[in-house]
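The values are calculated or read from the model by the stated rules, or taken from the named source; none is laboratory data. Nothing here was measured: the structure is a model prediction, and the numbers come from that model. Methodologically, a virtual Cβ is constructed for each residue, glycine included, from the backbone with ideal geometry; neighbour enumeration extends over all protein chains shown.
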Amino acid sequence: MTDAAPPPQPVGPGGAPHHHRPGDGRRGRRRPEELPDGGLRAQSPQGRAVLLVLVLGSGMAFLDGTVVNVALPSIGADLGADVAGLQLTVTAYLLTLSSLILLGGSLGDRYGRRRVLLVGAVWFALASLGCALAPDVPTLVAARALQGVGGALLTPGGLAVLQASFAREDRARAIGTWSGLTGVAGAAGPLLGGWLVAWDWRAVFLLNLPLAAAVVVLGLRHVPESRSPERAPSLDVPGALTSAVGLGGVTYALVAGPDGGWGAGSVVAGVVGAAGLVAFVLRERSARHPVVPPALFRSRVFTVVNAGTFAVYAALGGVMLLLVLQLQVSLGWSALAAGAATAPSTLLMLLLSGRSGAAATRTGPRLPLVVGPLVGGAGVLWLSGVGPGDVYPVDVLPGVLLLGSGLVVTVAPLTATVLAAAPDALSGTASGVNNAVARSAGLVAVAALPAVAGLTGDAYADPSLLTPAFRTAMLVCAGLLAAGALLALVGVPRGRPDDEVLGR
């Protein structure tokens, strides 16, 4: 609250006052721009409506990261695409999303988090329409790149609105619900994609139009606006450009390098990306109003938990890629059946993530951030034994359940702790950093794990070669999860997520 002289004004996140229009209070109704003292409660009607908007918005971005994979064969047959064209269809989205997600967070802090979220939803819908109407591969790739721009606005914007809008004591529960439901959106991609592709692959993209319309309509009605009261007078354009070049270049190199034999193009992209990241760090240390204030990383917890995020999401990206491949190639399952194999994990997140966030509020984040990755690692170790002739109930399901249980315990406290370690004024930026770390981790895993495990060329199509490589990769993923638990054990102090010890 501020110390403004009477009559008192409603106060928004960050202490920014809101102003009534004449007659606003005549029927006791609260405008979306206004927050009750202390913020929204998770169980209130407006709190639930805000959560719905944020889940729908972020869910679109998560869903499109997985649902398109199932549609690739149909896209290739319809548009006459070769393997390179299909790969670009996937990577164009990831490139723009990962390279611009830091900028998306800082734009929300400066210009309004709800505004950036809604702009991202409209942008994503228009780009999705472009994908659905694409007459050829180059048009589809360009539209996918534009989709990534919209995703870069949607993803950090949703978490920043959540952090700024909800009462402190309800944030962990709200983040748990958000993370569980958006995780469900990503995990449901293969199932939903298989169903839609049976009708027409273009329906995969048309699905985003009604979702985006719901985000805009409900967002305008229910989501309060917030921005950083300490926002800079101008945007750090050099910082934004160097971060985009750095993340984009490194991402392209990691995706294209292994498949292309590290040719000149991928090497140059990697060098330019690395130089861009170095320039970004130097720029942020000297800029008066940086995109990512270095002060964020003065918090040991913020730094350690982001490192843990990288380890956990790298492991998750590797498991989700190679488990589905192993089930199809070595066990002979259909794509739909392989995608459905992880459904119990998704169901656990749907049912229990909100409770996990609330429990972490009582116990502090250290315990779940240690126990969760270890439980998930045990599940990955179980899955490492999956091979030809195995059956789902005995050989696959127990590992999936352990992995899902570990994610339930880990994901919500991980996100809540990162945001709690940053000032509310920088919640959008902190969310952008954490999302960039998670996305980069998945990309590194997808690019590096097959080569580390000895899976090169067309070896993935031979069960006798894929199975030992899969087992090696799962051991690496289990080790990454153990590393995430170790980081939390030594780097996260005991205490509640919003205690002074976490960086406030």
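Overview of results
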| item | result |
| --- | --- |
| Condition check for ASP78: over 22 Å from the mean Cα position of the chain (by Cα) and at pLDDT 80 or above | yes |
| Single residue of VAL437, VAL444 found to be modelled with pLDDT of 80 or more and of a type outside the set (Phe, Trp, Tyr) | VAL437 |
| Selected residue (only one of VAL281, VAL272, VAL255 is among the aliphatic types (A, V, I, L, M), at pLDDT 85 or above and out of contact with any Gly (no Cβ under 8 Å at 6 or more places or on another chain)) | VAL281 |
| From the options VAL68, VAL90, residue that is free of Cβ contacts under 8 Å to residues at least 60 places away in the same chain and either buried (at least 22 other Cβ atoms within 10 Å of the Cβ) or within 22 Å of ALA436 (Cβ to Cβ) (or both) | VAL90 |
| Count of residues meeting criterion [crowded, with 24+ Cβ neighbours inside 10 Å and part of a helix (DSSP H, G or I)] in region 362-378 | 6 |
| Filtered residues of region 238-248 (kept if within 16 Å of ALA92 (Cα to Cα) and modelled with pLDDT of 85 or more) | VAL245, GLY246 |
| Residue within region 489-503 that is within 30 Å of VAL292 (Cβ to Cβ), crowded, with 23+ Cβ neighbours inside 10 Å and modelled with pLDDT of 80 or more present | yes |
| Residue match in region 298-305 (condition: assigned to a loop (DSSP other than H, G, I, E, B) and within 20 Å of ALA422 (Cα to Cα)) | yes |
| Number of the exception - VAL391 against (1) touching a residue at least 60 places away in the same chain (Cβ under 8 Å); (2) surrounded by fewer than 21 Cβ atoms within 10 Å (Cβ to Cβ); (3) not basic (Lys, Arg) | (1) |
